[in-house]
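Take a look at the structure below.
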Amino acid sequence: MQHVRQHYIDGDWVDPLDPTLLDVIDPSSEQLITRIAGGGPRDVDRAVAAARKAFPLFSTTTPPQRLELLRAVLSEYERRREDIAEVLSTEIGAPFQIARKWQLALAELRSVIEVLEHYQFEELQGSTKIVREPIGVVGLITPWNWPIGQIIMKVAPALAAGCTMVLKPSEVAPLNAIIWSEIMHSAGVPAGVYNMVQGEGAVVGEAMSAHPGIDMMSFTGSTRAGILIAQSAAKTVKRVAQELGGKSANILLPDADFESAVTKGVLGVMRNSGQACSAPTRMLVPAERHEEVKRIAKSVAEGLIVGDVRDPKTNVGPVVSKSQFDNVQRFIRAGIDEGADLVTGGPGRPEHLNRGYFVRPTVFANVHNDMIIAREEIFGPVLSILPYRNEEEAIDLANDTIFGLAAYVQSSDLARARSVAARMRAGTVHINYTAPDRAAPFGGYKQSGNGRENGKWGLEEYLEVKALLGYD
Ligand code: NAD
C-alpha cells in the first residue's frame, strides 16, 4: 500500500519525527484507501519554528504583495478542481457531481481577495494613528465535513492579514489537506509562511493549543473539542476563535409557502448527508399544519436517491465514518425511544445497500424540544419537526438551545419575517432560504462559538490593533 507523504513544513514535504499512522477509509465501501503518517509534539515544534522564522519578513509584506499571492493560490485551486472533487468523493463520500460543481471554496477565496483589495489597515483618529497588524503565528484546526473549504476559510484570511501559520487538518480528511498544501506550494507561498502537520486532535491539536510559539488558535469543529482547545490555550493567553456546533431552528410562519418551505427545509438537512453545522435541523411548524408538513417532508425525503457517489443521480452519499454512522444510529434510536413520530427513515442502512456508512434519510415529527433529537447536534440526515401554538412560542422554542449558529424563518410577509428574525439568537438568520453571502460575517452565539469568519470580520480575527498616540 502506498503511504502518502505527510507534513508540509518550511516549504517542503518532511517525514514526521513522532510518527503515527492514520487510516483513510472510503466511507462508501468501508475499504482502506491509504495510510497517512500523522505526527506529534516534536513535529508541531518544528512547524512552529518555521512559521516564527518566516513571520518577521512576511508580516511586512504589503497588501498588493499578498493579493498577488492569493490570486496565484486561486488560479492553482482552479487548476486542481477535478482532483479536489475526486478526493471529496473518496475521502468523505460526497456525491461526485455535487463535489465537482461545489463553488464554496472558490467563492471564499474570491471574497477574501475582494476584502483585501479594499481593507484599510490604518486610520487616523485625531492625533492618534490606529494600525492593524498581523497577530503573529496562528494555529488552525479544521473539521472534515467541507474539509478544503474550512481550510480556506482560515488560511486565506490569515495569509491576507500577513500571519504565518500551522494547519492541523482533520485526521478524517487528510488527503484534502495534502492537495491544498500542494496548491499552496505551487502558488509560490514562501517557505515557512504556511505549514501543515497531520495527526490526531488530542495529540497534534493539543500540542498546538498549548504551544507558547503560537499567538492565536482558530478552530472549527465540535463544541467538545473547542472547550478543550480553549482550556489549553488559556495558559498562554492566546486569542481563540471558535466555530462550533449548531442545532438550528427553522420557523415556518403560517403565511409561508409550505410546499416550498418544507421541501427546501428537508433538502437543507439532508445536504452533505446532514453533516453541515448550520443545517436547519429543527423545523418549527404551526400545530394545525403539522399533518400537512409531515406529508410533504415524507415525500421529499423518500424521493432522495441515496447510494453510489459516482452515479450522477445520487443526492445523498454515506456519512463520513463508522463512528459517525454509529452516532447517528444512536440518535435515531433515541428519537424512537423518546416517543417522537417516525415519519420516514429509521435505523439501519437503506435496504438496497449492504455496505458503506449510508444512513436512511430520517424525519421525526411531533418532537418536543426537551427530547435528545431536538437538543443535541446529530450531524446526520435527520430532521426533527416540532409543532408550535403561536409565534411567541415558536421564538421561545427556537432560542431554547445551547447553540446559536444559524436560524431560519419562512414567511411571505417580509416585515413579519424581519421582526421574528430580529428576536432569534443566532449569528446568521436566513430569511426565506437566501443564497450564502461570503462577505457577511459567519459565526455563532452561545455555545456555537465566538469570533466570526468571512468578510472583513474574518480578516480582523487575525489582526492586532495598535494605537500610536501623539502620531500627528
Ligand atoms: P471534532 O471537534 O471532532 O474535530 C475537529 C478538529 O478538531 C479535528 O481536526 C480534530 O482532530 C481536532 N480536535 C479534536 N480534539 C481536539 C483536542 N482535544 N485538541 C485540539 N484539537 C482537537 O469535529 P468534527 O467531527 O471534525 O466536525 C464536526 C463538528 O464540527 C460538528 O460539531 C460541526 O457542527 C462542527 N462544525 C462547525 C462549523 C462552524 O463553522 N461553526 C463548520 C463545520 C463543522
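List of remarks:
- Residues satisfying the stated conditions in the stretch 403-430, i.e. exposed (fewer than 15 other Cβ atoms within 10 Å of the Cβ) and either part of a helix (DSSP H, G or I) or touching a strand residue (DSSP E or B) at 6+ places or on another chain (Cβ under 7 Å) (or both): Leu414, Ala415, Arg418, Ser419, Ala422
- Residue list for the stretch 286-325, filter: away from the ligand (no atom under 16 Å from the Cβ), in a helix (DSSP H, G or I) and either of a type in the set (Gly, Ala, Ser) or in contact with a His (Cβ under 9 Å, 6 or more places away or on another chain) (or both): Ala287, Ala297, Ser299, Ala301
- Restricting Leu159, Leu140, Leu167 to residues that are away from the ligand (no atom under 16 Å from the Cβ), buried (at least 24 other Cβ atoms within 10 Å of the Cβ) and closer than 26 Å to Leu244 by Cβ narrows the list to Leu159.
- Candidates Glu117, Glu78 - the one that is surrounded by fewer than 22 Cβ atoms within 10 Å (Cβ to Cβ) and within 21 Å of Glu464 (Cα to Cα): Glu117
- Taking first residues from the stretch 1-27 that are at pLDDT below 95 and partners that are in a loop (DSSP other than H, G, I, E, B) and polar (S, T, N, Q), the Cβ contacts under 6 Å between residues at least 6 apart in sequence or on separate chains come to Gln6/Gln198; Pro16/Gln6.
- The numbered conditions (1) of a type outside the set (D, E, K, R); (2) more than 14 Å from the ligand (Cβ to nearest atom); (3) at negative phi; (4) surrounded by 22 or more Cβ atoms within 10 Å (Cβ to Cβ) are all true for Gly192 except (3).
- Residue check, Lys129 in contact (Cβ under 8 Å) with a residue 12 or more places away in the chain, among the basic types (Lys, Arg), in the same structural domain as Val48 (by the TED database) and not in a helix (DSSP H, G or I): yes
- Any chance Ile373 is in a helix (DSSP H, G or I) and either outside the structural domain of Arg282 (by the TED database) or within 16 Å of the ligand (Cβ to nearest atom) (or both): yes
- Pairing residues of the stretch 205-234 that are assigned by the TED database to the domain that holds Lys53 and within 6 Å of the ligand (Cβ to nearest atom) with residues that are in a helix (DSSP H, G or I) and at pLDDT below 95, at Cβ distances under 9 Å and at least 6 apart in sequence or on separate chains, gives no pairs at all.
- Of the helices (runs of 4 or more DSSP H) lying entirely inside the stretch 16-111, the ones with 3 or more residues being basic (Lys, Arg) are found at 41-58, 63-79.
The values are calculated or read from the model by the stated rules, or taken from the named source; none is laboratory data. Being a predicted model, the structure only gives us computed values, none of them experimental. We place every Cβ from the backbone using ideal geometry, glycine too, and count neighbours over all the protein chains shown.
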